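The values are calculated or read from the model by the stated rules, or taken from the named source; none is laboratory data. These numbers come from a predicted model, not from an experiment. Counting neighbours? That spans all protein chains shown, and the Cβs are built from the backbone with ideal geometry, glycine included.
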Amino acid sequence: MFIISSDPRDALKAMRSDLGLDLTIVPDFHDQFATTFSRPESSSGTKPMVVIIDRHGLVRFKSIAKNDAARPTSAQLLAVLKELNVPPRR
């Protein structure tokens, strides 16, 4: 399980810690991953996107938010991870 994001590394490390998961962070500063999953562009820039892909490469969750405040909550993401049987960090 890993995180791919164009967000600053410090923000991603904080999120990883808040969720209590041991995840690798992979930078996507040129939005190559996001482009693959058709993240829409708007006149004010890109929109926040969360994609959870299972170990078989299937997209199990996808959210494209209007803005940062509309992103899925940690509780929502944890529920999806629990459903996928991703163990919490030990």
Cβ-Cβ under 7 Å, sequence separation 6+ or interchain: first residue in segment 50-69 and closer than 15 Å to residue 80 by Cβ, partner of a type in the set (Ser, Thr, Tyr) and in a strand (DSSP E or B). Which pairs?
50/63
Residue among 27, 87, 48, 40 that alone is surrounded by 10 or more Cβ atoms within 10 Å (Cβ to Cβ) and either touching a strand residue (DSSP E or B) at 6+ places or on another chain (Cβ under 6 Å) or at pLDDT below 75 (or both)
87
Residues (in contact with a helix residue (DSSP H, G or I) (Cβ under 7 Å, 6 or more places away or on another chain) and modelled with pLDDT of 80 or more) located in segment 51-76
52, 60, 61
Within segment 2-18, can you find the residues that are over 12 Å from the mean Cα position of the chain (by Cα) and either touching a residue at least 40 places away in the same chain (Cβ under 8 Å) or under 16 Å from residue 62 (Cβ atoms) (or both)?
18
